[in-house]
Structure formats: structure tokens, C-alpha cells
Amino acid sequence: MEAPAAPHDPAENHPAENHPAENGPAENAPAVNGPAVTELTVTSPDQMRELGRRLAKLLRAGDLVMLTGELGAGKTTLTRGLGEGLDVRGAVTSPTFVIARVHPALGDGPPLVHVDAYRLSGGLDEMEDLDLDVSLPDSVIVVEWGEGKVEELTDDRLHVVIHRAVGDTTDEVRHVTLTGIGARWSTADLSALTA
């Protein structure tokens, strides 16, 4: 099965300006009159998982997180860290064959709903059976391959794009761009993720 085409990376137009140094923190540029954007570089699966744990501290019930990236980019690894940070029950694994998994909270935080929309060709209509709109107010919903499919759920969402070298490579470096869209994310401090 061929992977979906990678999204256009605006950073490709000016790589020196938009990709931080391999081991340094990202350049953080809160947008003026636009989405909040933070970029950073991750050099190992452990760092990707830690990014998920740090991101979990910013999340609350009602948040939608869309993950975009090539196969093997680290979407599920990031979500595993989110699950640890949110303190939810169950091991976070790829939900590719079950489409969605619910991880109940072990404490007072929200449950995590982890969705893999890779096999779904339609938009939100095809995902209605998952009742994401019903789950959203009380949960954190993370959708892998959700771009173009779940945006109608809410005006407020966090879009995480993970870029990696493609082809036969053992390169663990990932360039991560987080874009907060909507009023919910206009005041969120995404730059805290680079600390």
C-alpha cells in the first residue's frame, strides 16, 4: 500500500530560516493575527515521546490534535507520550486496524481518544460512526492522518506536522511544526514545548 503524499512543507522554500539547528531548540514565532506556530527538532524516539508528555500539560478536555507525517514519522510515538502525560489507562499503540481507541483517564484528567484515519477515504461524514463530535467536549482527541477529514469538528485545533527524511534511512531527526488554530490556541504558550 502506498502512503499518502506528504503535505507541502512551507519550510522547503526557505530551509535555513525555518528549520532549527539539529540539536537546538526551535525558533518560536507567535503569529500576529494568525495561528500560533512553533517549530522544533527532535532527534530520537525518546525525545518525540517526551515532546508528547510536555504537550499533554497544555491539553484539556475538548482539544483536537491532528497529526500529519509520513509513515514512520513518529505520530504514534508522540501520542504514546501524550497518553503518559495525560495519565490514561492502556498502552497507546497504533489504532490502524481498529480505527479508534479510547484510553480512560486514571486520574481527574480527560480521557484520550486516539484515531487513525489513514484507512478512511472520506471526510467527517465517514467518521460519524466514531461519534467524535460526542466525545470531543469531554476528551482529548488525537487523529493521525486527520488532515482534510476532521477539521469540521471544531474551529479550534492543534495541527502537528512531523517531517522526516524519506527513503532507506536510519535518520532519527524529525522536524516538528505545531500550529494552534482558533481562539483556544491564540493564548496557549506553545514555546513552552521547546524548553
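All of the numbers you see were taken from the coordinates with simple rules; none came from a lab. No experiment lies behind these values; they were computed from the predicted model shown. Every residue, glycine among them, receives a Cβ derived from its backbone with ideal geometry; neighbour counts consider all protein chains shown.
Placing dummy labels 7 Å off each Cα toward the beta-carbon, the span from Glu147 to Lys57 is 2.8 nm. Net length available on complete extension from Val166 to Asp138 is 6.4 nm, with 0.36 nm assigned per residue and the Cα-Cα distance removed. Seen from Glu84, the other residues with C-beta closer than 13 Å to its C-beta sum to a net charge of +3, counting Lys and Arg as +1 and Asp and Glu as -1.
Placing dummy labels 7 Å off each Cα toward the beta-carbon, the span from Ala183 to Ser94 is 3.9 nm.
Where the eigenvalues come from the Cα gyration tensor of the range 138-187, what are the semi-axes √(5λ) of the equivalent ellipsoid, largest first, in whole Å?
That gives 27, 13, 9 Å for the three semi-axes.
Each residue of the range 66-75 was assigned a 3J(HN,Hα) from its phi angle through the Karplus curve 6.51 cos²θ - 1.76 cosθ + 1.60 (θ = phi - 60°); the sequence is 9, 10, 10, x, 4, 4, x, 6, x, 4 Hz, with glycine and proline shown as x.
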